[in-house]
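Single-structure report; data block below.
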Amino acid sequence: MTRHAWACNEQRDFLDARVAEFKESQKEKDTSTFFKKLFSTWRQEFPDREPTPEEVNSAKSHENAVKKIETDINKVRHSRHVIILTVGLTLDAAS
């Protein structure tokens, strides 16, 4: 069984486009500035969304579906290691 990808292709492309900037922030030992900018831009590019009818049906209510989406978004927003892992995998593949 494969794991569900947390990032869609567009989100993955967004991260891939920032690999060089991430590597530079590592060299400069200033990844905190990189991540502040990354998360700010991420929120602009990928704002919260409304649940689909399928998600509402699965969650048994609109409110539950919204909570599920918010939980998923917070996992990404507050998990720097997920972004680092994604960028790191991209770096490994590019090497």
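The values are calculated or read from the model by the stated rules, or taken from the named source; none is laboratory data. This is a predicted model, so every value here is computed, not measured. FYI the Cβ positions are ideal-geometry reconstructions off the backbone, even for glycines, and counts take in every protein chain you see.
Taking the criterion of being of a type in the set (D, E), surrounded by 11 or more Cβ atoms within 10 Å (Cβ to Cβ), more than 17 Å from the chain's Cα centre (by Cα) and farther than 16 Å from E70 by Cβ, the residues of the range 18-60 that qualify are E24, D30.
When restricted to residues that are modelled with pLDDT of 85 or more and among the hydroxyl-bearing types (S, T, Y), the range 1-30 contains 1.
Of all residues in the range 15-51, those satisfying the criterion of being under 30 Å from H62 (Cβ atoms) and either of a type in the set (D, E) or not in a helix (DSSP H, G or I) (or both) are E45, F46, P47, D48, R49, E50, P51.
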